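Asks: Take a look at the following structure, please.
What follows draws every value from the coordinates through simple rules; no lab data is involved. None of the values given here were measured: they were computed from a predicted structure. No Cβ is skipped: glycine too gets one built from the backbone with ideal geometry, and neighbour counts run over all protein chains shown.
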Amino acid sequence: MKSIFPKIIIFMVAAGALFFVARYLIGLKAIPSLSEYIANNPLNDSSQTSATSSAPSKISIIAPAGTIEAVVVTAEADLEKGLGGQADMKRDQGMLFVFPTADIYTFWMKDMLFSIDIVWISPDLTISGITENISPQTYPATFVSPGPVLYVLELNAGAAKEFGLVAGEKIM
């Protein structure tokens, strides 16, 4: 029987390297962190939630087991569409929905082509809950935030666990 110990060591070294590369890129300001994005984009700016689609920006979310590059959507049309119609997404990518106010939000899998995890995030960047492994076949069922949230992060199914995201913890 082969030992998985060498594979675990390789995974840990690779994850650590990715973490330091991401921190380096953020240090260069190539991709802002979530905290930097929030500091530079006041949420009371009504232009962020216009009815038309705008060019989405990208941010880095530092998770315990790596870095997630997320497309930020704030425009009403983008908030409604989300990942609908998109064929797939890289394992280390996601979509961050930024809402104009903290509230209870409902999501569904309309036009989705792959399974996702939904990470519900409160205004203080605490993960208030995670809904895992939601299949496109669940449509028209809806998934409701566990409380008022300001941000919602959609990831590939299983990625929340893979990146070490846990309810009650803060993200950066």
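Asks: For segment 104-172, state which trypsin sites (Lys or Arg not before Pro) are in a DSSP loop and have at most 10 other beta carbons lying within 10 Å of their beta carbon.
Replies: Those that pass, being in a loop and sparsely packed, number zero.
Asks: Evaluate the distance, in nm, between pseudo-label points positioned 7 Å from the Cα of SER57 and of GLU169 along their respective Cα→Cβ axes.
Replies: My value for the distance between the label points is 2.6 nm.
Asks: Would you mind calculating the gained length between ARG91 and ASP111 on full extension (0.36 nm times residue separation, minus the Cα-Cα distance), in nm to one decimal?
Replies: 5.2 nm
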